[in-house]
Every structure is written in structure tokens, then in C-alpha cells.
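Participant: Questions regarding the structure given below will be posed in turn.
Since every read-out is calculated from the coordinates, none of them should be taken as a lab result. Predicted model only: the values in this text are computed from it and were never measured. All Cβ positions, glycine included, derive from the backbone under ideal geometry; neighbour counts span all protein chains shown.
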Amino acid sequence: MEMKQIIQTQETENGPVRLPVDSETHTYDDWTIAYTKSHILKSVCVNDNACVRGDPSCCELCVYNFTVDLPHLPDMVFHKNVLTICHKGGARLEFNPMDALKLVRNEKLDLKVACSDEWKESRPAADTQEKVKPFDWSFTTEYKGTVNERVRVESTDQKIDMFKLMKREPIYFYHDLTLFEDELHDHGISVLSVKVRVMPSGFYVLLRFFLRVDHVLIRINDTRFHYEKGNDYILRDPNEIAEQLPVVSKVTEKLTILAGEDADVIAKEGSSV
Ligand SMILES: [Zn+2]
């Protein structure tokens, strides 16, 4: 396994700052599995909003805004977090946040629940006003990874054998990357992440979109990929779980930090939590 750290520089008000970009490459049979990982996309245009579409000096934020075409991006876009799985014959499977965000529907969110008024009230006016292009503010995406022209995609009756995957095996390589995350203005969470695991028998990838809108909905879009050693294909198995909330009543607990003497008394009483 080859590990390296590339140092990038970024200009800031206080001069250039060195930012590490992690990357790691693992070779498995005819495959090369690699990731890069770094800081989040800046939320302000470094060229004072003067970037021009297609211009090479266009900042990373504007490249995103021009490409993704959403009224706004998630709070955290890990634009440098990319997982690639390449076959020596040229086939390539990749997971990146930009392709995932391109698939967020640029239309009004169709939550089949009484999307609470409380929630609507909490949204900035820009999100709810009719004049602004409506979009799916939950950032739900049907992204299933990006494949190149060396991969033929077709439906099959085969299923990923989860029992085989549960078999205990040494793990040659494991990594977990967040592609984007948004806290929905403190009303939940929307996160897309990808995990990869390489074992003697093959490799497994889990791409997970997780959404929780507090008191309203939980949604998980999982897409699993499994390659078994010796095969000339990878199985891709998507599934969606959506659950309406509320799920349980909850009790708030207060964890009081005790002063020294109080703590001594409780210790004598043999109290435990
Ligand atoms: Zn810009």
C-alpha cells in the first residue's frame, strides 16, 4: 500500500496556508483503489463573484455553482474527497460529490408528509419564496457512482450475497469518505458518504445517502457494490429505506457536573449510571 501526503497551498487573507490532501492507493489483483481527501469547499468566491463560467481561473466554488445548478450547495461539500476504483483494462468506477449533487432534483421537494410548518418557518425566506427556483433542500440524490465508457451497465437477477460478505476475513484496505453534509439549518441532517473495504475474496463499497428531517422523516438510500475475485463484473445493488417520524417519544436528560464534595457523597453511596 502506498501512502502519500500532498501539500497544497491556498491563498487567504493572512497569506498562503498549507493544506494537506491525503491520498492513498491500494492495488488488488487487476484493480487500483485510491482515494483523495481534503478540506471542504470554501463558501465564498475568492474572486469577489467575478468568476466566469469555463474560465480556467474560475474558483472551486464557482465551478461547483456553474455545474451543479442548485440555488445553494450543502453546508459542507468535500469537493476533494473522491474514491476511484480502476481496472487495468481501463474500466473506472468513481465516487465524487459533484456528480452526486448534479442528481439532486432541481424541483420542489415532494415530501409526502406534512412537512411541518415549524420547519418551513425556519427556512430562510429565499428557500420558500415562490420567485426563487424551488429545489430539493434535503439534497436527496439518486447517485449510484460514476462509471466510464469501459463499463457496461445492465440489469440482472443476481443479488449481492450478504452472507458471503459477513464472513470473517482479513481487511487489506478500508476507508470512509464524506462527500457532502448539510445540517438543514439545525433541523436534521443530510449526508452522503462512501466506504470501501478490500478483502482477500474481493471488495465491497457502500454508498450511503442518509437524511433525517427532525420529527418528519428518515431516509436512507444505500447502494452496495460487490466485486468477487475472478469475476469480470461488479454487482450494484441499490435500496431505499424511508421511515416517517416521529419514531419514539424522547426524554431529555440533564447531565449535571458535580462539585468535588457531591461527587464524594455519591461515590460512597455506590451510585452508578
Ligand atoms: Zn468564484
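Participant: Please work out the Cα convex hull volume for region 23-80 and give it in Å³ per residue.
Facilitator: 123 Å³
Participant: Which of Lys195/Lys229; Lys144/Lys167; Lys37/Lys159; Lys37/Lys167; Lys42/Lys88; Lys164/Lys195 have a Cα-Cα distance over 27 Å?
Facilitator: Lys37/Lys159; Lys37/Lys167; Lys42/Lys88
Participant: Just add up the charged neighbours of Pro74: K/R +1, D/E -1, any other residue whose Cβ is under 10 Å from the Cβ of Pro74.
Facilitator: -4
Participant: A follow-up question, please. For region 140-241, which GluC sites (Glu not before Pro) are in a loop by DSSP, counting at most 12 other Cβ atoms within 10 Å?
Facilitator: Those satisfying the criteria are Glu149, Glu154.
Participant: List Thr141, Thr156 from most exposed to least, where exposure is judged by having the fewest other Cβ atoms within 10 Å.
Facilitator: Least to most surrounded, the residues fall as Thr156, Thr141.
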